[in-house]
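**Q** Have a look at the structure that comes next, please.
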Amino acid sequence: MIDNKIVLTGIKPTGTPHFGNYVGALKPLVQMSQDHKTFVFIADLHALNIMHNPDDVRHHSYEIAAILVALGLNLENAVLFRQSDIDAVYKLNTFLMNVTPKGLMNRAHSYKAAMDKNTAAGNDIDSGVNMGLYTYPVLMAADILLYGADIVPVGADQKQHVEFARDIAGYFNNIYGETFKLPEPMIGADTGIIPGLDGRKMSKSYDNVIPLFASEKDLKKGIMRIITDSKTPEEPKDPDTSTIVALYRHFATDAEFADFRARFAAPGMGYGAAKTELFEKINSVLSPMRAIYDQLMTDTSKLDEILASGAERATAVAEKTISRVRKKMLG
Ligand code: ADP
Ligand code: TRP
């Protein structure tokens with residue numbers, strides 16, 4: 001269905017990627033890159049409305065690049081770059097501001113959530129809202145339209161932003177004539193929500209994550225900390241509500257998973273033993289990739305090279321778009 005289409009997505013460097021990000025976003029993206037032309041960028045400009053420490057932005061940006069490379073992103077098909085390295089994106093952002101209705105921004109879920117929080121706390125409605133947050137969807141439209149993306153794989157929470165990009169492309173086309181393709185969001189196959197250490201959705205906002213490439217020791221510690229009930233090994237357990245089983249599925253073959261699930265449910269396997277098996281399975285899958293990741297993070301020159309080459313390839317496409325837009329708007 002997406003043959004020959006241009007796929008694009010951005011990942012915000014706001015924290016260290018965890019198992020939830022891996023299952024819900026990173027793994028599918030790496031799979032997609034095996035047979036599709038893909039633009040993948042680190043959305044560092046989008047992080048700036050909440051992150052004001054440049055060292056953190058830089059560090060988390062490297063982490064994302066290193067993880068994608070270690071997971072086997074196909075660097076021929078995928079153009080991997082930093083959003084901020086592309087001059088044209090700042091320009092398109094400025095141009096698109098002038099065809100974007102303010103009312104559209106007022107309807108953005110993320111801005112509405114900030115207003116609701118302020119109202120509930122009895123604060124001024126716009127307290128703590130900077131223009132980076134308010135105009136976030138315009139920059140995201142610039143990201144998408146600059147490369148002529150057809151398909152934008154995102155989590156469900158970003159669907160509205162892609163629809164806004166489509167709307168903004170439409171407003172532009174109406175005024176200046178057919179210029180932009182209309183992108184479509186692609187909400188990933190339901191991989192299920194990965195629960196965190198406390199059983200809630202694994203999320204950096206809940207401080208319940210296991211970083212994807214935590215050291216072997218920390219991975220083990222993290223897995224041992226997964227909260228369970230107090231059933232004894234002999235009592236039957238529900239595999240469908242267990243974080244241990246949910247995580248196991250994503251690192252095992254179907255047959256291995258079926259076997260583990262059955263043994264977990266039957267009397268005999270305690271939570272401690274199940275966690276040890278889970279650790280061993282995950283560790284055996286991730287160890288070789290972790291070695292690559294650690295090396296890339298220790299000496300970032302290889303990442304710099306990859307990102308520079310990505311920026312060059314992305315710029316070649318972006319510059320063509322920006323000169324067309326500039327001509328249409330400024331003559
Ligand atoms: P966080 O909740 O840690 O801030 P993000 O919102 O930045 O994570 O998520 C980035 C991507 O990772 C999204 O596409 C989302 O679908 C995926 N993702 C995040 N947490 C999970 C989870 N617990 N289970 C499955 N996918 C997740
Ligand atoms: N807003 C996205 C997020 O928070 C990241 C992002 C920025 C993005 N620009 C994009 C995603 C363009 C897809 C396309 O996850």
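**Q** Using a cut-off of 15 Å between beta-carbons, work out the net charge of the residues near residue 43 (Lys and Arg +1, Asp and Glu -1, residue 43 not included).
**A** Net of charged neighbours comes to -3.
**Q** Evaluate the relative contact order of the chain (contact order divided by residue number), counting alpha-carbon pairs under 8 angstrom at least 6 apart; express in whole percent.
**A** Reported relative contact order: 22 percent.
**Q** Could you tell me how far the Cα centroid of the stretch 167-216 sits from the Cα centroid of the stretch 82-150, in Å?
**A** The stretch 82-150 and the stretch 167-216 have Cα centres separated by 15 Å.
**Q** For 304, 299, give the ranking by accessible area with the largest first, probe 1.4 Å.
**A** The ranking, largest first, comes out as 299, 304.
**Q** Compare 105, 97 by solvent-accessible area with a 1.4 Å probe and give them largest first, with all protein chains kept in place.
**A** 97, 105
**Q** Putting +1 on Lys and Arg Cβ atoms and -1 on Asp and Glu Cβ atoms, find which of 323, 236, 282 reaches farthest to the positive end of the dipole of the chain.
**A** Towards the positive end, the residue furthest out is 323.
**Q** Gain in length, residue 240 to residue 184, computed as 0.36 nm per residue apart minus the alpha-carbon separation, to one decimal in nm?
**A** 16.9 nm
**Q** Using alpha carbon centroids, what distance separates the stretch 1-63 and the stretch 217-267, in Å?
**A** 29
**Q** Per the Debye formula with a single identical scatterer at each Cα and no solvent contribution, what log10 I(q)/I(0) holds for the stretch 244-331 at q = 0.18, 0.19, 0.26 Å⁻¹?
**A** -0.84, -0.88, -1.17
**Q** Identify the trypsin sites (Lys or Arg not before Pro) of the stretch 72-133 meeting these criteria: DSSP loop state and at most 14 other C-beta atoms within 10 Å of the C-beta.
**A** 107
**Q** Nearest 10 degrees, 0 to 90: what angle lies between the long axis of helix 159-176 and the longest principal axis of the chain (Cα atoms)?
**A** Between the helix axis and the principal axis of the chain, the angle is about 10 degrees.
**Q** Computed from the mean reciprocal separation of all distinct C-alpha pairs, what Kirkwood hydrodynamic radius does the stretch 188-229 have, in Å?
**A** One decimal place: 11.0 Å for the Kirkwood radius.
**Q** What distance in nm separates the simple spin-label points at residue 231 and residue 130, each placed 7 Å from Cα in the Cβ direction?
**A** About 4.8 nm separates the two model spin labels.
**Q** Taking only DSSP H segments of four or more residues, each worth -39500 (n - 2.57), what value at 222 nm results for the chain once the sum is divided by all its residues, to the nearest 500 deg cm²/dmol?
**A** -16500 deg cm²/dmol
**Q** Also, I was wondering about something else. Using the Cα centre of the chain as the reference point, and only Cβ charges (+1 on K/R, -1 on D/E), how large is the resulting charge dipole? Debye, rounded to the nearest 20.
**A** 620
**Q** Taking the Cα centre of the stretch 1-108 as origin, sum charge times position over the Cβ atoms of Lys and Arg (+1) and Asp and Glu (-1), and report the length of that vector in debye to the nearest 20.
**A** 400
**Q** Skip the ligands, DNA and RNA, and give the accessible area per residue of the stretch 162-276 with a 1.4 Å probe, whole Å².
**A** Heavy-atom accessible area per residue stands at 54 Å².
**Q** Oh, and also: With a 1.4 Å probe and all protein chains kept in place, how much accessible area does residue 285 have, in Å² rounded to the nearest 10?
**A** Number for this one is 40 Å².
**Q** Mind telling me which of 33, 301, 203 comes out most flexible in a GNM of the chain, alpha-carbon contacts under 10 Å?
**A** Checking each option, the largest mean-square fluctuation is seen for 301.
**Q** Heavy atoms of the protein only, probe of 1.4 Å, neighbouring chains included. What is the accessible area of residue 292 in Å², nearest 10?
**A** Per-residue accessible area (residue 292): approximately 80 Å².
**Q** In Å, what is the Rg of the alpha-carbon atoms in the stretch 213-293, and how long is Dmax?
**A** Cα-based Rg and Dmax for the stretch 213-293 come out at 12.8, 41 Å.
**Q** Past 21 Å, Cα to Cα, is the threshold; run 27/221; 159/201; 27/281; 91/112; 91/328; 27/159 against it and keep the listed order.
**A** 27/221; 91/112
**Q** Report, ordered by chain and residue number, the aspartates and glutamates lying within cross-link reach of residue 320, taken as a straight Cα distance under 20 Å and ignoring same-chain residues fewer than 8 apart.
**A** Counting by Cα, and skipping residues close in sequence, residue 320 has these aspartates and glutamates nearby: 85, 87, 143, 150, 178, 312.
**Q** What angle do you read, to the nearest 10 degrees and between 0 and 90, between the alpha-carbon axis of helix 301-330 and the longest principal axis of the chain?
**A** Once rounded, one gets 30 degrees.
**Q** Pick out, from 222, 245, 269, the residue whose Cα sits farthest towards the positive end of the charge dipole of the stretch 213-293, with +1 on the Cβ of Lys and Arg and -1 on the Cβ of Asp and Glu.
**A** 222
**Q** What order do you get for 11-17, 154-160 when each peptide is scored by the mean count of other beta carbon atoms within 10 Å, highest first?
**A** Packing proxy ranking, top to bottom: 11-17, 154-160.
**Q** Note the full-extension length gain between residue 104 and residue 201 as 0.36 nm times their separation in residues minus their Cα-Cα distance, in nm to one decimal.
**A** Stretched out fully, the residue 104 to residue 201 stretch lengthens by 31.9 nm.
**Q** Specify the angular offset, from 0 to 90 degrees and rounded to the nearest 10, of the alpha carbon long axis of helix 87-97 from the longest principal axis of the alpha carbons in the chain.
**A** Result, in degrees: 70.
**Q** Shifting gears a bit: Whole-Å semi-axes of the chain's equivalent ellipsoid, largest first, each the root of 5 times a Cα gyration tensor eigenvalue?
**A** 39, 23, 18
**Q** What FRET efficiency, computed as 1/(1 + (r/R0)^6) with R0 = 51 Å and r the Cβ-Cβ distance, is obtained for residue 316 and residue 283, rounded to the nearest 0.05?
**A** That gives a FRET efficiency of 0.80.
**Q** Find the relative contact order for the stretch 213-293 and round it to a whole percent, using C-alpha pairs within less than 8 Å whose residues are 6+ positions apart.
**A** The normalised contact order for the stretch 213-293 reaches 41 percent.
The values are calculated or read from the model by the stated rules, or taken from the named source; none is laboratory data. Since we're looking at a predicted model, the values are computed, not measured. Because the Cβ atoms are built from the backbone with ideal geometry, glycine has one as well, and the counts that use them run over all protein chains shown. What goes into the accessible areas is simple: the full protein's heavy atoms, side chains included, and nothing from ligands, DNA or RNA. Shrake-Rupley method; radii C 1.70, N 1.55, O 1.52, S 1.80 Å.
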